[in-house]
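Worksheet for the structure shown next.
The values are calculated or read from the model by the stated rules, or taken from the named source; none is laboratory data. Note that the coordinates shown come from a computational prediction; the quantities given were computed from them, not determined experimentally. Cβ coordinates were reconstructed from backbone atoms using ideal geometry, including for glycine residues, and neighbour counts include every protein chain displayed. Ligands, DNA and RNA are stripped out before the accessible areas are found, and what is left, the full protein with its side chains, is counted by its heavy atoms. Shrake-Rupley method; radii C 1.70, N 1.55, O 1.52, S 1.80 Å.
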Amino acid sequence: MLRFKNLGSGSAGNATLVQAQSGQSTTQVLIDCGLSMAQLSARLELIDLELSDVDALFITHEHSDHVGHARQFGLRTGKPIWCSQGTQLASQTIDWGLNSDQLCCARDGETIEVGELQLTPFTVPHDAREPLQVCMSDGNVKLGLVTDLGHASAHVLQSLRQCQALILEANHDQDMLRLSKYPSFLKSRISGPLGHLSNQASAHLLQSVMHDQLKTVVAAHLSEKNNTPELVGLAFGAVLNCPAHEVIIAHQDHGTDWWVVS
Ligand SMILES: [Zn+2]
Ligand SMILES: [Zn+2]
């Protein structure tokens, strides 16, 4: 069985727990560590887990809302941390004081096995040194996770094919961003090809990878200033053919419920 629970999503910090179970064996991997150890522990405690129950951490890229507390996680737990060579260099992981075998190099298209869970990273266009996003599987079903995406490249679309569940960035509403008080360089960065997906671009990506077996879609990494859950609900609902209020949103403060991938 494969299931996931987002623990918090947005520019103030990201973390998603993915769990694969087979017989008596359970594997838990955390994707990104943008929440403090206190926040992370508190959110894990709500589901009867603790930091030491996490078997590995995968970091998508070096922006602080993803890598911010990874060093503390590594020092506290001693568990492996996977990320690209570029993310290691940009995050200066060499100075983190971890065990030499604790940092592991993730590469586009090379599947990582952690217990019952397989993670396959893929390269994405985003303004970081070597950003990866990731698909995960228990050998039966597939979960795709992609936040912090400038645009839907052919490689991204191919990587997200045949997912039964998808966590997908819906960062901003184009009009809200345009009319916001953000300085123009920041508006250009966010809406540019190496920035973040608008609701419209995200809905378009979703349409491109839709198929009958894609059962669960979660909208994530919503801007708190330039988006609303209602607008995301309308954009995704139009593709998923459901009312706006039924679209699953990953919240900054409490993430999502558990969702089983089937
Ligand atoms: Zn981010
Ligand atoms: Zn980012």
Would it be correct to say that residue 62 is within 14 Å of ligand 1 (Cβ to nearest atom) and farther than 16 Å from residue 145 by Cα?
yes
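Output the residue which, of all residues in the range 55-78 that are out of contact with any Lys or Arg (no Cβ under 6 Å at 6 or more places or on another chain) and of a type in the set (A, V, I, L, M, F, W, C), is most open to solvent (accessible area, probe 1.4 Å). Can you show your working first?
Within the range 55-78, the subset out of contact with any Lys or Arg (no Cβ under 6 Å at 6 or more places or on another chain) is 55, 57-78.
Filter once more, so that each one left must be of a type in the set (A, V, I, L, M, F, W, C): 57-59, 67, 70, 73, 75.
Details: 57: 0, 58: 3, 59: 1, 67: 19, 70: 0, 73: 0, 75: 88 Å².
Checking each candidate, the answer is 75.
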Quick check on residue 49: is it away from ligand 2 (no atom under 16 Å from the Cβ) and out of contact with any Phe, Trp or Tyr (no Cβ under 7 Å at 6 or more places or on another chain)?
yes
Among the listed residues 67, 54, 29, which satisfies the condition of being under 15 Å from the mean Cα position of the chain (by Cα) and more than 15 Å from ligand 1 (Cβ to nearest atom)?
29
The range 79-92, subset more than 14 Å from the chain's Cα centre (by Cα) and open to solvent by less than 40 Å² (accessible area, probe 1.4 Å), residue farthest from residue 106 (Cα to Cα):
91
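Which residue, of 65, 148, is within 16 Å of ligand 2 (Cβ to nearest atom) and on the phi > 0 side of the Ramachandran plot? Even if it seems obvious, please write down each step before you answer.
On the way: 65 fails: on the phi > 0 side of the Ramachandran plot.
Result: 148 is the single residue among 65, 148 that is within 16 Å of ligand 2 (Cβ to nearest atom) and on the phi > 0 side of the Ramachandran plot.
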Do we find that residue 145 is hydrophobic (A, V, I, L, M, F, W, C), open to solvent by less than 40 Å² (accessible area, probe 1.4 Å) and within 16 Å of ligand 1 (Cβ to nearest atom) in this structure?
yes
Out of curiosity, is residue 222 part of a loop (DSSP other than H, G, I, E, B), aliphatic (A, V, I, L, M) and under 28 Å from residue 42 (Cα atoms)?
yes
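Of the residues 179, 117, which is more than 16 Å from ligand 1 (Cβ to nearest atom), open to solvent by less than 30 Å² (accessible area, probe 1.4 Å) and among the hydrophobic types (A, V, I, L, M, F, W, C)? Break it down into steps so the answer makes sense when it comes.
Values: 179 fails: open to solvent by less than 30 Å² (accessible area, probe 1.4 Å).
Unique residue meeting the criteria: 117.
In the list 242, 163, which residue meets the criterion of being in contact with a strand residue (DSSP E or B) (Cβ under 8 Å, 6 or more places away or on another chain) and either assigned to a helix (DSSP H, G or I) or hydrophobic (A, V, I, L, M, F, W, C) (or both)? Please lay out each step first, then the result.
Details: 242 fails: in contact with a strand residue (DSSP E or B) (Cβ under 8 Å, 6 or more places away or on another chain).
Of the residues listed, the single one that is in contact with a strand residue (DSSP E or B) (Cβ under 8 Å, 6 or more places away or on another chain) and either assigned to a helix (DSSP H, G or I) or hydrophobic (A, V, I, L, M, F, W, C) (or both) is 163.
Residues of the range 148-160 being touching a residue at least 24 places away in the same chain (Cβ under 8 Å), of a type in the set (A, V, I, L, M, F, W, C) and open to solvent by 10 Å² or more (accessible area, probe 1.4 Å), which ones? I'd like the intermediate steps shown before the answer.
Within the range 148-160, the first condition is being touching a residue at least 24 places away in the same chain (Cβ under 8 Å), and the residues that meet it are 148-153, 155-157, 159-160.
Restricting the remaining residues to those that are of a type in the set (A, V, I, L, M, F, W, C) gives 149, 152, 156-157, 160.
Of everything in the range 148-160, those that are touching a residue at least 24 places away in the same chain (Cβ under 8 Å), of a type in the set (A, V, I, L, M, F, W, C) and open to solvent by 10 Å² or more (accessible area, probe 1.4 Å) turn out to be 152, 157.
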Going through the range 53-62 in order, the residues found to be hydrophobic (A, V, I, L, M, F, W, C) and away from ligand 2 (no atom under 16 Å from the Cβ) are 54, 56, 57
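May I ask you to list the residues in the range 121-136 that are under 15 Å from residue 56 (Cβ atoms) and either more than 13 Å from the chain's Cα centre (by Cα) or within 16 Å of ligand 2 (Cβ to nearest atom) (or both)? Reasoning before the result, please.
Pass one, the range 121-136, residues under 15 Å from residue 56 (Cβ atoms): 121, 132, 134, 136.
Across the range 121-136, the qualifying residues are 121, 132, 134.
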